[in-house]
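All of the numbers you see were taken from the coordinates with simple rules; none came from a lab. What you see is a predicted model, and the numbers here were worked out from it, not measured in a lab. As a convention, Cβ positions derive from the backbone with ideal geometry for all residues, glycine included, and neighbour counts pool all protein chains shown.
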Amino acid sequence: RTRVPISKKYTLQIESSSGGHETILNVIATKVQQFSGLTRYEVGDSVKFGKEKGKLSTGRISAIRFDKKSRKKYVEVKVLELHNENELMDGGKSMATVVIQENDLQGHILILGGKEYSQVAWSK
């Protein structure tokens, strides 16, 4: 990422099809107060989510929306299925999608490929 100063050369512009009166904006990232600081989540991240720590689900963030009226962010998550305690599967075109509040996000999931998985030293 490169920080670009806003000047005449670079300007920030939000395009809207309804003349600028939209109340819901799509955003690409959000920061949530968690653990000992802020955690950044972006569209495409694989995450754990849920209201209770013992009953967490897994999924991939497909959209983050900011409601200007309520000043809240809502996260659209495509649910991934857990197989064999360490394999996540997506349901293809029939994946379930849920909308949660940003404070329901409970952490990132690191996804490894087959070659990478065998190179990790696992310990309990």
- Item | Theoretical FRET efficiency, 1/(1+(r/R0)^6), r = Cβ-Cβ of Arg71 and Ser118, R0 41 Å, to 0.05 | 0.30
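Can you tell me the length gained on complete extension of the stretch Asp90 to Lys48, counting 0.36 nm per residue apart and subtracting the Cα distance? Intermediate values should be presented prior to the final figure.
Numbers: separation 42, 0.36 × 42 = 15.12 nm, distance 1.43 nm.
Contour length minus Cα-Cα distance gives 13.7 nm.
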- Task: Could you work out how far the C-alpha centroid of region 60-124 sits from that of region 35-51, in angstrom?
- Result: 9 Å
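Can you give the net charge of the other residues whose Cβ lies under 11 Å from the Cβ of Thr97, counting K and R as +1 and D and E as -1?
Around Thr97, the surrounding residues sum to +1.
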- Message: Pairs of alpha-carbon atoms within less than 8 angstrom and 6+ residues apart define the contacts here; what relative contact order does region 45-103 have, in percent?
- Response: 26 percent
- Task: For Ile109, list long-range residues whose amide hydrogen, built 1.01 Å from N in the peptide plane, is under 5 Å from its own amide hydrogen.
- Result: Ser46, Val47, Lys48
- Note on the structure: The answer for Ser62, listing residues at least 5 apart or on another chain whose modeled amide H is closer than 5 Å to its amide H, is Gly44, Glu76, Val77, Lys78
- So, with points 7 Å from each Cα along the Cβ direction, the Lys55-Ile109 label distance in nm works out to 1.8 nm
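Past the 20 angstrom mark, what percentage of all C-alpha to C-alpha distances in region 51-124 do you count? Walk me through the numbers on the way to the answer.
Working: 1166 of 2701 pairs.
Value for region 51-124: 43 percent of Cα pairs lie more than 20 Å apart.
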- Task: Report the Stokes-Einstein translational diffusion coefficient (µm² s⁻¹, integer) for region 33-75, Rh taken as the Kirkwood radius over Cα pairs, at 10 °C with viscosity 1.306 mPa s.
- Result: 133 µm²/s
- Gln33 and Val99 label points (each 7 Å along its Cα→Cβ direction) are spaced in nm at 2.5 nm
- A correct Karplus calculation of ³J(HN,Hα) over region 46-61, with 6.51 cos²θ - 1.76 cosθ + 1.60, θ = phi - 60°, whole Hz and x for Gly and Pro, returns 8, 9, 9, 8, x, 8, 10, 4, x, 10, 8, 10, 10, x, 10, 5
